[in-house]
Amino acid sequence: GPIYPTKLKAMRWAPQGLTRIGKWKARIGRLPLVAIGGITPERADGVVAAGADSVAVITDFVTAQHPEARIELWLAWAQAQRQARD
């Protein structure tokens, strides 16, 4: 289910929150865990710190007042993540 509430579509599941990410990661081991649902650049570091290997984002930039600027922010965040892992 989604990590945070999402506006893009109605979800059957309640938001799961950060604590569930660690539990899911422990269950799946080395398999990649992708987090989705209401993730913003301000929340993304916490999502990764909780155990997600990556994040999937749509609503944050689709609904942004300046989508191109928001995508640039996400690209900068992703670059910082890559550099931190190297």
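The values are calculated or read from the model by the stated rules, or taken from the named source; none is laboratory data. Since the structure is predicted, the reported quantities are computational estimates derived from the model, not experimental observations. Neighbour counts are summed over all protein chains in view; Cβ atoms, including those assigned to glycine, are modelled from backbone coordinates with ideal geometry. When the accessible area is computed, the model is the full protein with side chains, heavy atoms only, and any ligands, DNA or RNA have been set aside. Shrake-Rupley method; radii C 1.70, N 1.55, O 1.52, S 1.80 Å.
Here is how the numbers come out for the structure above:
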{"read-out": "Residues located in the stretch 5-47, provided they are hydroxyl-bearing (Ser, Thr, Tyr) and either open to solvent by 60 Å² or more (accessible area, probe 1.4 Å) or within 21 Å of residue 81 (Cα to Cα) (or both)", "value": "19, 40"}
{"read-out": "Count of residues meeting criterion [out of contact with any Ser or Thr (no Cβ under 7 Å at 6 or more places or on another chain) and either small (Gly, Ala, Ser) or closer than 11 Å to residue 4 by Cβ (or both)] in the stretch 23-41", "value": "6"}
{"read-out": "Pairs where the first residue, in the stretch 53-77, is open to solvent by less than 80 Å² (accessible area, probe 1.4 Å) and the second is of a type in the set (S, T, N, Q), C-beta under 6 Å, 6+ apart", "value": "59/6; 60/40"}
{"read-out": "Near pairs, Cβ below 7 angstrom, 6+ apart or cross-chain, from the stretch 14-41 (touching a residue at least 60 places away in the same chain (Cβ under 8 Å)) to any residue that is of a type in the set (Gly, Ala, Ser)", "value": "none"}
{"read-out": "Qualifying residue in the stretch 70-77 (condition: touching a Gly at 6+ places or on another chain (Cβ under 8 Å) and among the aliphatic types (A, V, I, L, M))", "value": "no"}
